[in-house]
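So the structure is just underneath, and the comments pick up after that.
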Amino acid sequence: VQLATTFENVWATLGTHPNDLTATWKDDVTAYKKMLEGPYKHKIVGIGEIGLDYHYPKYDKQRQYNGFKAQIELALEYNLPIIIHTRDAHDETLKIVEEYKHNNLRGIIHCFSESASFAQHARELNFLLGMGGTITYPKNQYLRDICIETPLTSIVLETDAPFLPPQYMRGQQNSPTQIAYIAQFLATLKNVTIEKVAQQTTINALNLFSISLN
């Protein structure tokens, strides 16, 4: 957050990833509240990435559930969007989000990798789909189909750097510079110009995070 104050057009989100929730995760939430009320609060535009991850063994399901809900409620308290990480927990993720659908909860499904039905449900719950390098992977035709069917008004661009680079550089370190490549790939998929993709996805992000560039 301190770094963000050095650059005029840099903002931050904060949150505890489900795999990083420890026995003292509530202390993290308390620390976030202090930051949200501190001198850099204008640079904090969202809560995340937060959510559920049942992929790795020995995960604490109850802790993830409690941590996810507590951070959703933190976002609602400060009227901020959330960035959701979900892995092998699609039904549970949507069930929790459903509980808050009348509370102006909104956000992004980060690094989207779920089904078309999940995409539709997420959009109905006021969430954007975060698309990145994974849409270029040969095995992910289903993701490309979802991109084609999803209006640009419901998509934001991501990289998940330093992970998940586009196919042409698999095995290398990813970086935000790949956004332009992802935008062009998406434009080709949807048969529109890269300018249209860039403009609409930027508008989506600015509106979601209540960011003004003026």
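The values are calculated or read from the model by the stated rules, or taken from the named source; none is laboratory data. Everything quoted here is computed from the prediction, not taken from an experiment. Here Cβ is always computed from backbone atoms with ideal geometry, including for glycine, and neighbour counts include all displayed protein chains. The protein model used for the area step is the full one, side chains on, heavy atoms only, and it has no ligands, DNA or RNA in it. Shrake-Rupley method; radii C 1.70, N 1.55, O 1.52, S 1.80 Å.
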Selection from the range 187-214 of residues open to solvent by 70 Å² or more (accessible area, probe 1.4 Å) and assigned to a loop (DSSP other than H, G, I, E, B) yields Asn191, Thr193, Ser210, Ser212, Leu213, Asn214
When Asn79 is run through (1) open to solvent by 80 Å² or more (accessible area, probe 1.4 Å); (2) farther than 26 Å from Leu125 by Cα, the failure sits at (2)
The number of residues in the range 50-76 that are under 19 Å from Phe112 (Cβ atoms) and open to solvent by 40 Å² or more (accessible area, probe 1.4 Å) is 1
Of the candidates Ser175, Ser212, Ser154, the one satisfying the condition of being without any contact (Cβ under 8 Å) to a residue 24 or more places away in the chain, out of contact with any Ser or Thr (no Cβ under 8 Å at 6 or more places or on another chain) and either within 25 Å of Thr86 (Cβ to Cβ) or of a type in the set (Gly, Ala, Ser) (or both) is Ser212
Here the qualifying pairs (Cβ atoms under 7 Å; residues six or more apart or on different chains; first in the range 108-120 and more than 14 Å from Asp91 (Cα to Cα) and touching a residue at least 12 places away in the same chain (Cβ under 8 Å); second buried (at least 20 other Cβ atoms within 10 Å of the Cβ) and charged (D, E, K, R)) come out as His110/Glu49; His110/Glu158; Cys111/Glu158
All conditions in (1) open to solvent by 20 Å² or more (accessible area, probe 1.4 Å); (2) out of contact with any Lys or Arg (no Cβ under 8 Å at 6 or more places or on another chain) are true of Ile84 except (1)
**Report entry** Residue match in the range 140-147 (condition: surrounded by fewer than 22 Cβ atoms within 10 Å (Cβ to Cβ), among the basic types (Lys, Arg), out of contact with any Lys or Arg (no Cβ under 8 Å at 6 or more places or on another chain) and not in a loop (DSSP other than H, G, I, E, B))
**Finding:** yes
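Return a yes/no flag: does the range 124-138 have any residue that is over 23 Å from Asp91 (Cβ atoms), of a type in the set (Val, Ile, Thr) and surrounded by 18 or more Cβ atoms within 10 Å (Cβ to Cβ).
Going residue by residue through the range 124-138, those that are over 23 Å from Asp91 (Cβ atoms) are 132-133, 135-138.
When the remaining residues are screened for being of a type in the set (Val, Ile, Thr), the result is 135-136.
After this cut, where a residue has to be surrounded by 18 or more Cβ atoms within 10 Å (Cβ to Cβ) as well, the list is 135-136.
Within the range 124-138, one or more residues are over 23 Å from Asp91 (Cβ atoms), of a type in the set (Val, Ile, Thr) and surrounded by 18 or more Cβ atoms within 10 Å (Cβ to Cβ).
On the given criteria, is Thr93 free of Cβ contacts under 8 Å to residues at least 60 places away in the same chain, under 28 Å from Met131 (Cβ atoms), open to solvent by less than 20 Å² (accessible area, probe 1.4 Å) and in a loop (DSSP other than H, G, I, E, B)? Give the steps one after another, and end with the answer.
Details: free of Cβ contacts under 8 Å to residues at least 60 places away in the same chain: yes; under 28 Å from Met131 (Cβ atoms): yes; open to solvent by less than 20 Å² (accessible area, probe 1.4 Å): yes; in a loop (DSSP other than H, G, I, E, B): no.
No, not satisfied.
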Only one of (1) loosely packed, with under 14 Cβ neighbours inside 10 Å; (2) in a loop (DSSP other than H, G, I, E, B) does not apply to Asp27, and that is (2)
